[in-house]
Amino acid sequence: MTHLGGPGDDAAKGADDGADAVARDIADAVDQLTNLWSLAAHEAPVRLSLHQLRALRVLQSAPELNLTGLAERLDIGLPTASRLCDRLEAAGLLERTLHPHSRREVRLSLTPHGGHVLQDVADRRVQILARALEEMTRAERLALSRGLRAFLAARDAARTRTDGAGLT
């Protein structure tokens, strides 16, 4: 695994700026960000697994999704999704309601408490990132921001060209 150095480290080593080398650097950074995300989740008042947080985020972005839709978006089986929802419902973070037009379909939605927990975790993540970003110069922060926007645009363009084949 690659380890990102400090400012100027690339120039000192004559680092390769090819796609593979940059991809390794980004993978290392993502690994570190994942650790920060986990830390923020574990410091929240309600301890949730990363799978539970992902489920809450999906439900926040797609209110009143059904169990099948949640399982598909999380790429998990229906029994696993059902158990996940059981735990979230028992914690008061999710509620199930019958679809008004189909008694066989159950809608899933965040409770107000679930929304507050999700916001708390998001706030903690921003605070952790802000502390790290404060160690960077303004120019480095701007370069990072521009680079991330360019990456997302390139990813979207690649997704459009390939109709999403293999890109998520």
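Here are a few things to note about the model shown:
- Helix 138-162 and the long axis of the chain differ in direction by around 60°, with both axes built from C-alpha atoms.
- Using the Cβ of T97 as centre and a radius below 12 Å, the other residues enclosed give a net charge of -1, where K and R count +1 and D and E count -1.
- Residue of P45, P100, P63 that the Gaussian network model of the chain assigns the largest fluctuation, springs spanning Cα pairs under 10 Å: P100
- Positive minus negative residues near R54 (Lys, Arg vs Asp, Glu; Cβ under 14 Å): +2
- Neighbour net charge for V121 - beta-carbon separation under 12 angstrom, K R +1, D E -1: +2
- Solvent-accessible area, 1.4 Å probe, carbon plus sulfur percent, for the chain: 55 percent
- Using the Karplus relation 6.51 cos²θ - 1.76 cosθ + 1.60 with θ = phi - 60°, the per-residue 3J(HN,Hα) values for the stretch 109-121 come to 8, 6, 7, x, 4, x, x, 5, 5, 4, 5, 4, 5 Hz, with x marking Gly and Pro.
- Whole-number accessible area per residue in Å² for the chain, which is evaluated in the context of all protein chains at 1.4 Å: 68 Å²
- In this structure the amide hydrogen of T111, modeled in the peptide plane, comes within under 5 Å of the amide hydrogens of L94, E95, none closer than 5 places in sequence on its chain.
- Shape call, the stretch 57-168: gyration tensor on alpha carbons, a/c limit 1.5: oblate
- Computed lengthening from S38 to A21, 0.36 nm per intervening residue step minus Cα-Cα distance: 3.5 nm
The values are calculated or read from the model by the stated rules, or taken from the named source; none is laboratory data. None of these values were measured; they are calculated from a predicted model. Cβ sites come from the backbone with ideal geometry, for glycine too, and all protein chains shown count toward neighbours. Heavy atoms of the whole protein, side chains included, go into the accessibility calculation; ligands, DNA and RNA do not. Shrake-Rupley method; radii C 1.70, N 1.55, O 1.52, S 1.80 Å.
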